[in-house]
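Take a look at the structure set out below.
Each reported figure results from applying straightforward, stated rules to the coordinates on display, with no laboratory input. Being a predicted model, the structure only gives us computed values, none of them experimental. Using ideal geometry, Cβ is built from the backbone for each residue, glycine included, and neighbour counts are taken over all protein chains shown.
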Amino acid sequence: MSRFEAYLIRTALIYLVLTGLLGLLMVLKPELMVYFRTTHFHLGFIGFFLGIVMGVAYWMMPRPGGLRQERLEAITFFLLNSGTILRLITEPWWRMTGHETLHLLVFLSALLQFMAMFVFAVAMWQRVKTKEYIIKLRTEK
């Protein structure tokens with residue numbers, strides 16, 4: 001397991017705990033739900049679920065021909081977490097104030113998360129090969 005695979009998985013677990021804490025906070029103070037509901041969703045779905053999927057896929061998906069993608073793993077990690085942390089901070093603040101600059105930052109957070117998804121898709125595209133292709137690679141060595 002590379003360090004960025006481990007970082008993706010460990011960070012996802014942190015988001016899981018934060019999602020639970022935010023959920024508890026909204027149960028205790030329902031008036032906060034209007035500000036934190038979407039952030040709660042993004043922490044759980046993008047931060048935890050997508051982060052764990054990306055980390056495990058980078059770790060466990062076949063690497064045809066010994067393919068190494070540590071640079072793409074790092075880019076995915078930084079884009080996904082920059083976007084998720086930016087969203088965690090700016091989205092509730094924007095919902096509370098309606099300030100237009102904060103709305104732009106929420107858009108930037110979504111763009112960073114999308115870019116992480118795109119980089120991940122490019123990386124996985126390189127790994128998705130048929131059984132026949134992989135057998136051919138092994139026999140050519």
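Here are a few things to note about the model shown:
- Its Kirkwood hydrodynamic radius, worked out from the mean inverse distance over all distinct Cα pairs, puts the chain at 16.4 Å.
- In range of the label at Val122: residues from segment 79-104 whose backbone nitrogen is under 18 Å from the point 7 Å along Cα→Cβ: 79-83
- Computed helical MRE - 222 nm, the chain, DSSP H runs ≥ 4 contributing -39500 (n - 2.57), nearest 500: -27000 deg cm²/dmol
- Averaging Cα coordinates gives a centre for segment 76-141 and one for segment 1-59; these two points are 14 Å apart.
- Two-site FRET efficiency, Arg63 against Leu21, from Cβ-Cβ distance with R₀ of 41 Å, rounded to 0.05: 0.70
- Each of Leu72, Leu24 has some number of other Cβ atoms within 10 Å of its Cβ, and from fewest to most they run Leu24, Leu72.
- Given charges at beta-carbon only (K, R positive; D, E negative), |dipole| of the chain in Debye: 600
- The simple spin-label model puts a point 7 Å past each Cα toward its Cβ; for Glu31 and Phe49 those points are separated by 3.1 nm.
- Highest mean packing comes first when the peptides 131-139, 73-81 are listed by Cβ atoms within 10 Å, giving 73-81, 131-139.
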